[in-house]
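Asker: Got a structure for you, written out below as structure tokens; questions coming shortly.
The values are calculated or read from the model by the stated rules, or taken from the named source; none is laboratory data. Quantities reported herein were computed from a predicted structural model and do not represent experimental measurements. Neighbour counts run over all protein chains shown; Cβ positions are idealised from the backbone, glycine included.
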Amino acid sequence: MFDFFSKKKQDQQHLDEVNYPSVRDIKNEVQRDTSLEGILCRKILLGTSTINLIRQSILVSSEKFNIQIRRIDELNHQNDEARNSLKKLMTFISNINKHSADTDNSIRTLNLSLGKITDCINGIQKVARQTNLIAINSAIEAARVGDAGKGFSVIAKEVKLLADDVQHSSVAVHGTTAMILDNSVDISKALTAQKILVDSTLGNIQKIVESINIVIHKSENMKKILENISITQFLNIVKIDHILWKFNIYQMLLNKEKNKKATSHEECRLGKWYYGSLSQNFSHFKNFLLLEEPHKKVYFWKCSIN
């Protein structure tokens, strides 16, 4: 991509050797100028307007490419922001999913505890029933004994009442436990459905992020292509600039306008780029440094005429 500096140097040397005749040759041509040669030269120089139109067309096209490059940068910046936002959303949803999983694990633990409580309640109910049967049998035996068993009969009744009370309480606890267990089952089902929805959402967001990555990658490739075209157009423009500069020098020689000021090597488009801030990215290349001297020579021979 950056070999154009070497190519530019070769082009400048070629212009020195072929396209640009020596100062002495041009002065001799001007001195030998006849009316016919002068007319022909002037007619040829009139073609510079066409070349200038071509240059302007390339300039307009180059500016359009630069506009597209800036737009791609803006779009990539927006896509990058969207991608980062989606990644943050994925992290947030993943945390929700993690908390849901923790909640589901807690509910499973609760269900195990409720199961143990139910087992205990069932054991208590069994003991209460057995105690109730023992109290009934004791009351029957006390009645057989007669007056001697009246005291024991009272105790048996109290034991039976206590057994009935324990059984009623255990039934109430069992009902409450069963209700909590049913509710926890419903919550587990809801969490399972939520996990499926969250996983699906995360999958869809991940697909969007991957699509954005593809768009950014392709946009970067497109940007590189446009930048290469823009560089090529810039090189073509500066070549045309030097051709028009050469024609301008010929025009000055034909018209014997020695005092007319011509553009210097620092004032031309390539010179402004070379000595400006835009070329700093290339200043460490060897061929970039080698470009300065031949470029100066192109403009130096005009100064020799004066």
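Asker: Exactly one condition in (1) without any contact (Cβ under 8 Å) to a residue 12 or more places away in the chain; (2) farther than 30 Å from residue 96 by Cβ is false for residue 223; which is it?
Answerer: Result: residue 223 passes all but (1).
Asker: Next up: Going through the range 277-301 one residue at a time, which ones are over 32 Å from the mean Cα position of the chain (by Cα) and more than 23 Å from residue 246 (Cβ to Cβ)?
Answerer: Selection gives 286, 287, 288, 289.
Asker: Just to verify a result, which residue in the range 266-297, among those that are part of a loop (DSSP other than H, G, I, E, B) and among the charged types (D, E, K, R), is farthest from residue 58 (Cα to Cα)? Let's see the steps before the verdict.
Answerer: Filtering the range 266-297 down to residues part of a loop (DSSP other than H, G, I, E, B) leaves 266-268, 275-276, 283-285, 291.
Now narrow it down to the ones that are among the charged types (D, E, K, R): 266-267.
Values: 266: 22, 267: 20 Å.
Taking the candidates together, the pick is 266.
Asker: Could you list all residues from the range 159-197 that are farther than 18 Å from residue 111 by Cα and not hydrophobic (A, V, I, L, M, F, W, C)?
Answerer: Scanning the range 159-197 gives 160, 164, 165, 167, 168, 169, 170, 194, 195.
Asker: Hey, another quick one. Of (1) part of a loop (DSSP other than H, G, I, E, B); (2) modelled with pLDDT under 80, residue 300 satisfies all except one. Which?
Answerer: (1)
Asker: Suppose we keep only residues that are among the hydrophobic types (A, V, I, L, M, F, W, C) and within 22 Å of residue 123 (Cα to Cα) within the range 135-169. Which one would you say is modelled with the lowest pLDDT?
Answerer: Checking each candidate, the answer is 156.
Asker: Consider residue 58 carefully, then state whether it is closer than 30 Å to residue 211 by Cβ and either more than 13 Å from the chain's Cα centre (by Cα) or touching a residue at least 40 places away in the same chain (Cβ under 8 Å) (or both). Don't jump to the end; show me each part of the working.
Answerer: Values: closer than 30 Å to residue 211 by Cβ: no; either more than 13 Å from the chain's Cα centre (by Cα) or touching a residue at least 40 places away in the same chain (Cβ under 8 Å) (or both): yes.
In short, no.
Asker: Would you be able to say whether some residue in the range 240-250 is assigned to a loop (DSSP other than H, G, I, E, B), surrounded by 14 or more Cβ atoms within 10 Å (Cβ to Cβ) and among the aromatic types (Phe, Trp, Tyr)?
Answerer: Checking the range 240-250: not a single residue is assigned to a loop (DSSP other than H, G, I, E, B), surrounded by 14 or more Cβ atoms within 10 Å (Cβ to Cβ) and among the aromatic types (Phe, Trp, Tyr).
Asker: Next question. Within the range 260-272, which residues are of a type outside the set (Val, Ile, Thr) and touching a residue at least 24 places away in the same chain (Cβ under 8 Å)?
Answerer: 262, 264, 265, 268, 269, 270, 271
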